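Beneath this line is the structure, given in structure tokens, with notes to follow.
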Amino acid sequence: MTDTAGLARELAREAEAHREQLVERVLRLAAVDAPSGAGAEAMRPAGDLLTSELAALPGRLTRTVGPQGDLLEVSLGPRTGPLVMLLGHYDLTWPAGTAAQRPVRLEDDVIHGPGVFDMLGGIAATIGALKLLGKRRLCGPVHVLFTPDEETGGETSRARIIELGTSAALVLVMEPSLPGGRLKTARSGWAAYRLVAHGRSAHAGLEPNRGVSAVDELCDALVAIRELARPSLGTTVNAGVIAGGTFPNMVAAEAYALLDVRARTSSEQSRVEQALTALSPARAEAGLEVTRLHARPPMERTPAIATAMAHARKLAALLDIELGEGSAGGTSDANLVAERGVAVLDGLGPDGGGAHAREERIRVDSLVERAALIALLVARPLPAAVA
Ligand SMILES: [Zn+2]
């Protein structure tokens, strides 16, 4: 086996030689719409394109049909040894038509365009990394999973992510990096709830006393819910939507709110959930009902993640990269595997900016660097393997 420092030098050189191919792959991927949540038909062209890109890898490609698009997987390398999982999503937050309205473009070594940062750059770097490694440099099994529905909750991919992720020695997630190319080693958890207040309608002028206002009940509940936030611990509660009632002259029979809860630890996440489910109405004849719509656990910086990060930092140094880390407020598929104690590193995508925004972009230098870094991590996934 080539020593790790020697391999790093080779990979850095080869990634640089593949610069143009890496850029062209991003340009091809970003020229096709991949509207998340718009259904399988809308996602098909993006699935077809990515399938053809993945078919160039020396591995077994599978495509599993799903209601929100297809799961794309490639398994490579020998059957035995520590499994490395490379995880990404190819759905974008942009609606159909965006790729034509705002075409992707390369300008002064920066690629601008819809989806390039979140996360087509990471996908292109992953494919590039595996091409650099080829067959001969893989010493253990590698499994690539690209999902079609991360941006809209990932419900149809969740089971597969957890199944593969929990059997992996290392999971690398290709979400955008933090500024400066830092990895994400902690993420807040997220949960969304629907809170419904039930009351009784009545004429607001003739018989107001016969009514029980669901709107008043909801307002009182929201005031109580606001107190559940603990900003110093990173726990936030946002009532993002409220609605209710029918006419100004009616006491409202029903009102609801949609809540977004973020927490850095599982204990904070469950404290808020318990408090929400324990809410009781302030009015004798009113009712309150709380339903959880979505949830992802927090990605806490577990010992397994800390060890993986220290290892990644050492490998990056061999590529002359000073690799930092940080935490992110948003969630990703990394949250699903981190809570099971798996070593997961997120934010392996290239440095850039403007996630989910019109100024979305990535730096070409970082794209090249990431291809080499991902390749080195795949070839040397465990600290013990590094001489
Ligand atoms: Zn993403």
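For the reader, a short list of remarks on this structure follows.
- Which listed residue is in the same structural domain as Leu336 (by TED's automatic domain parsing) and over 23 Å from Ile362 (Cβ atoms), from Pro114, Pro95, Pro103, Pro67: Pro67
- Test: residue in the range 356-371 that is at pLDDT below 95, within 16 Å of the ligand (Cβ to nearest atom) and either assigned by TED's automatic domain parsing to the domain that holds Pro82 or within 27 Å of Leu318 (Cα to Cα) (or both): yes
- Inter-residue pairs, beta-carbon under 9 Å, first within 12 Å of Asp346 (Cβ to Cβ) and in the range 174-192, second away from the ligand (no atom under 12 Å from the Cβ) and of a type in the set (Val, Ile, Thr), 6+ apart: Met174/Thr126; Met174/Ile374; Pro176/Ile362; Thr185/Ile305; Thr185/Val344; Ala186/Ile305
- Arg79 being in the same structural domain as Leu318 (by TED's automatic domain parsing), at pLDDT below 95 and open to solvent by 40 Å² or more (accessible area, probe 1.4 Å): yes
- Scanning the range 157-171 for residues that are more than 16 Å from the ligand (Cβ to nearest atom) and either of a type in the set (Phe, Trp, Tyr) or open to solvent by 50 Å² or more (accessible area, probe 1.4 Å) (or both) yields a count of 5.
- Scope the range 172-185; condition away from the ligand (no atom under 15 Å from the Cβ) and either under 14 Å from Ala316 (Cβ atoms) or crowded, with 22+ Cβ neighbours inside 10 Å (or both); matching residues: Gly180, Gly181, Arg182, Thr185
Results for (1) among the β-branched types (Val, Ile, Thr); (2) within 30 Å of Ser332 (Cβ to Cβ); (3) part of a strand (DSSP E or B), shown as yes or no for each residue.
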| position | (1), (2), (3) |
| --- | --- |
| Arg194 | no, yes, yes |
| Gly205 | no, no, no |
| Pro248 | no, no, no |
| Ala257 | no, yes, yes |
| Ser270 | no, yes, no |
| Ala275 | no, yes, no |
| Arg292 | no, yes, yes |
| Ala295 | no, yes, yes |
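- Condition met for Ala328 (modelled with pLDDT under 95, hydrophobic (A, V, I, L, M, F, W, C) and within 17 Å of the chain's Cα centre (by Cα)): yes
- Lone unmet requirement of (1) more than 30 Å from Leu345 (Cβ to Cβ); (2) open to solvent by less than 40 Å² (accessible area, probe 1.4 Å) for Arg226: (2)
- Evaluation of Glu14 against (1) open to solvent by 40 Å² or more (accessible area, probe 1.4 Å); (2) part of a loop (DSSP other than H, G, I, E, B) (one fails), failing number: (2)
- Restricting Val84, Val65, Val74 to those that are surrounded by fewer than 20 Cβ atoms within 10 Å (Cβ to Cβ) and away from the ligand (no atom under 16 Å from the Cβ) reduces the list to Val65.
- Residue within the range 305-318 that is exposed (fewer than 15 other Cβ atoms within 10 Å of the Cβ) and polar (S, T, N, Q) present: yes
- Every listed requirement among (1) assigned to a loop (DSSP other than H, G, I, E, B); (2) under 21 Å from Ser36 (Cβ atoms) is met by Val337 save one, (1).
- Search result, residues across the range 193-209 that are touching a residue at least 24 places away in the same chain (Cβ under 8 Å) and open to solvent by 20 Å² or more (accessible area, probe 1.4 Å): Arg194, His198, Gly199, Arg200, Ser201, His203, Ala204, Gly205, Pro208
- Subset of the range 119-156 (residues that are in a loop (DSSP other than H, G, I, E, B), at pLDDT below 95 and either among the β-branched types (Val, Ile, Thr) or away from the ligand (no atom under 12 Å from the Cβ) (or both)): Gly134, Lys135, Arg136, Arg137, Leu138, Cys139, Gly140, Gly153, Glu155, Thr156
The values are calculated or read from the model by the stated rules, or taken from the named source; none is laboratory data. Small disclaimer: the values here were computed from a predicted structure and weren't measured. Backbone-built Cβ (ideal geometry, glycine too); neighbour counts: all protein chains shown. Just the protein is used for accessible areas: all its heavy atoms, side chains included, with ligands, DNA and RNA removed. Shrake-Rupley method; radii C 1.70, N 1.55, O 1.52, S 1.80 Å.
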